[in-house]
1. For the stretch 478-483, take each phi angle, set θ = phi - 60°, evaluate the Karplus expression 6.51 cos²θ - 1.76 cosθ + 1.60, and give the result in whole Hz per residue in order, putting x for glycine and proline.
2. Take the solvent-accessible surface of the protein heavy atoms, probe 1.4 Å, and return the percent of it on the stretch 388-485 that carbon and sulfur atoms account for.
3. Please turn the phi angles of the stretch 716-728 into ³J(HN,Hα) values with the Karplus equation 6.51 cos²θ - 1.76 cosθ + 1.60 (θ = phi - 60°), one per residue in order, whole Hz, x for glycine and proline.
4. Under 15 Å from the Cβ of R395, count the other residues' Cβ atoms, weight Lys and Arg +1, Asp and Glu -1, and hand me the total.
5. When a/c is below 1.5 the answer is rounded, else prolate if a/b is larger than b/c, else oblate, so apply that to the stretch 366-486 with a ≥ b ≥ c taken from the square roots of the Cα gyration tensor eigenvalues.
6. For the stretch 821-836, in order, what is each residue's ³J(HN,Hα) by Karplus, 6.51 cos²θ - 1.76 cosθ + 1.60 with θ = phi - 60°, in whole Hz (x at glycine and Pro)?
7. Can you give me the convex hull volume of the Cα atoms of the stretch 677-732, divided per residue and expressed in Å³?
8. What does the net charge come to around C117 if you take all other residues with beta carbon closer than 11 Å to its beta carbon, with K and R at +1 and D and E at -1?
Amino acid sequence: GSVAAAAEGERDPRCLLRIFACVRAAAALYSQGSSTTAHIVAVEALFDSLTWYFPMSFTPPPINKFNITRETLVEALEGTIAADPAFAPHFVPLALDKLSSDVRLAKLDSLSALAVCAEAWGPAGLNRHVTSLWRGLRPELFASSTYDAIADSNSDEVADAAASCLQRFVTALGSPMYSEVLTDTCVDDMATSLQSATAESLPRSSALVQATSRLLAAVAGGSSQALDAVASRLAPFLLPAAKAHSGDSEAAAQAQFSPLDPTVPADRRFLQTAALAAAHDVIRAALHSPPAPDDTGPGGPFREFASGLLDICLDAPSGNSSAAPALAALEGDTAMAEASTDEDEGQRLQSAGSDAEAGHSDAQDSDAHKQLQHAKAAVVASLASFPAARSPLSRPQLQRVVAALLRRVPGESASPDSPVVHGLRSLAGAGQHDLLREDALPHLLAAFRSAPCPDGSSLPAAVLAALSGASPVLRPLIVTALSEDLRRALSERQQGGESTHKLLAALGCVRASLEGAPRPYSDVDQAAVSTLLRDILAFPGYHLLPEPAREASVSCAAALARGCQLSAAQTLWLTACGIVASGASDSLATIHDPATQQQQAAVSAAVLAVLPAPAVRLHCSAVDSEGSGMTVPGALLALALLRGGDPAAAAVLATATASLFNKAPAGPELGAAVQQAVDRQLSPALEAQGAEEAVGALAGLARALCMRGHAAAAGCIQRLVQLTSTAEPEIAQVAVQGVGLLLSEPRDEVVAAVADHSVTKPLWQQRAFTHASAAVLAELGARLRAQQPAPLPLGAALVALTASAPARVLRGDAPRLLPWLLQTLQQLHRAAPNDEFAARALPSAVEAVRDVVLQPTAKEATEEQADRLLALLLELVGFTPTAAVRRVAGGGLA
């Protein structure tokens, strides 16, 4: 009595949580005794104290220092009510009464609490309430359809909650619950609609079928016994409704294989689609519901139901495996299983009903046919998605599915939404590895080899990549097979064969097939990848390949090496270092053409760039075989700086240099190696004619050193900034680009390797900005004090730096930057009519000024420079040559 009295009218949520705990304790105490009059009175008193708070109405204060939410209180209240089955006679009528109200929150709270209580009380507490529970749930399940009620804005949410509640009821209460549902007249009405609906009644019939299939799916998801019961109830009318409706069954079967069957009216085809969509809902519910611990999978009734559906969807009896599948009529990029939601399906069915009611046209007939084929494909994919141990399909039936999908391969374009990709990936995800290895892989590999696509867009390549990503068992088999193709293509190309397309296709497919592999690789994956990388690295003829093939080789090698285990990475380090030093098959040492040297070393450089830091060393005996002190990054940099080379290969070599300096072990040796690279390699190269590669290498090195916080970063950035004011115009402009890249985030596989330290040291961009802005402003200040005009590239460097800086980096320096940016903007504006470089830089300068002005910290500086800024913007609004300048300037004025 004291607990009940304390609960009445309590408003403090902290006290309320304690009271709920006391009620649970009191209920547990009474439930241990016999059902005496005192117990009954106590239960009534305790329950009455809880009715104050059902449904829960609570809005947390703006400052919720105790972090108590409405959800916290609802969960506590539900647990309290569920604590004693003796509450059932009192709570069920209360919850059903609230469920019948028009208040959305009351409905949702009632459904949630009833489900929690069903799971806690079980059959003993609720079996005598099964009929009343179903009668209360039924209207809510149909609330979002036009069958029993007019939909409102909350009806979908309530209907979904009611379906979830029903599924939990079936799980908790078993046969009494699902028998009550399956004997309801709505199921008979569904059967009647599918069997005899006319064009006039199709909208109402579609709504009924959709709503009923949702509740049947909820029942089917409750348990394997309920699934069998649903299948037994549906099979007698749903399977006939899903079949083609024609007097001549043989003619109808043949017509199904054509793009459109003229013997089937559109309204009949819409009902076929509705029947298959209902079956699909049931299958998905069974597929996605977690099995009980003792669940051995679907029973005989569901297996028979699934077998009948498969025959319908493949348009052939089970004994005729050679019949062409209806899936072959599916067009375009129609997805199979999860491509459509229940809402989408409902909209299609409602639209179908409206079309049928308005009359049929050829376009409507075609649309009905496409929807039917989509529904068939969705059913097949869902049936194929069951885990192997719980699959309702036998192996011969699964073989029919695979054969039907493979027959689509020759005539279909590649797409992630392709039914072939989705269907076979579903089988792989379901653990059907043996089936796919024996029945699918040989055909897919043969199809891939027969028509290689250099851009990797073939359907066989897409399927192989999907299977590799979905199955750790199939992945090494696919990679090994593709490795043989790649080795063969490399060998043919070296011997002068025209196999570039095969090589590009193999490289692309290998890379795609390993994208879904866990990193680092498993032992099985690693063995296949190591063999493949050895073949790629050892190929001595990269200088003989066209540029696209060289780029694909670099990208593929980097992508593969990035996932290697440490032991494999250490082996790769030694192999790649040896190739960088002497070339594959000792050919590099005898080659004098700079481009050839760079092209041969680029693939190995890409591998070195992406190896994990623990595998990276400054020295390698293969590189420093004569005791010259040459480091591995030094060897890469020497190759990158070769005059007259290949710019693309040189960029890869420079990036690898920066990556190794980024990841090499810290210590005096690192400082000495950096100093040697800057003083003995980069500085002489920067003084030479045509030093574009050296400038790019310097920028990459500066960024890499900033990422790890190395002291030499400031000197590299200082040298880069000096080039913008002292070098020849072409070199100065390249240096401007380098300054802009200092703060950029690496993107592709190779360049991303230099970002290793950016993860653990996220302030690297602030560090780079501080060094670079100080160097640029110092140069600009020196020119101002000497009363000399600043070179255009120097001001453009400040613009590039500002444009690439994140807002968090720019915020603190915005007031200091604004005057210099305005000076640069004015200088570029004056030079733009006669200077191409100034004209290109001007739009970025306007945007940089805008970005700085928008910083909250620049408000005072903007007010001080307002007259100067306004005059500049007014001039730029009328800047004729570039619309982008006028647009940004106009926005600044606004």
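The values are calculated or read from the model by the stated rules, or taken from the named source; none is laboratory data. Keep in mind that this is a model prediction, so the values were computed, not measured. Ideal geometry is used to build each Cβ from the backbone, glycine not excepted, and the neighbour counts take in all protein chains shown. When the accessible area is computed, the model is the full protein with side chains, heavy atoms only, and any ligands, DNA or RNA have been set aside. Shrake-Rupley method; radii C 1.70, N 1.55, O 1.52, S 1.80 Å.
1. 5, 5, 5, 5, 5, 4
2. 57 percent
3. 5, 5, 4, 5, 5, 5, 4, 5, 5, 10, 10, 7, 4
4. +1
5. oblate
6. Once rounded to whole Hz, the list reads 5, 5, 5, 5, 4, 5, 5, 5, 4, 5, 8, 4, x, 10, 10, 5.
7. Numbers: hull volume 3.6 nm³, N = 56.
It is 65 Å³ per residue.
8. Working: positive: R168; negative: E78, D84, E119.
Spelling it out: positives minus negatives among the neighbours equals -2.
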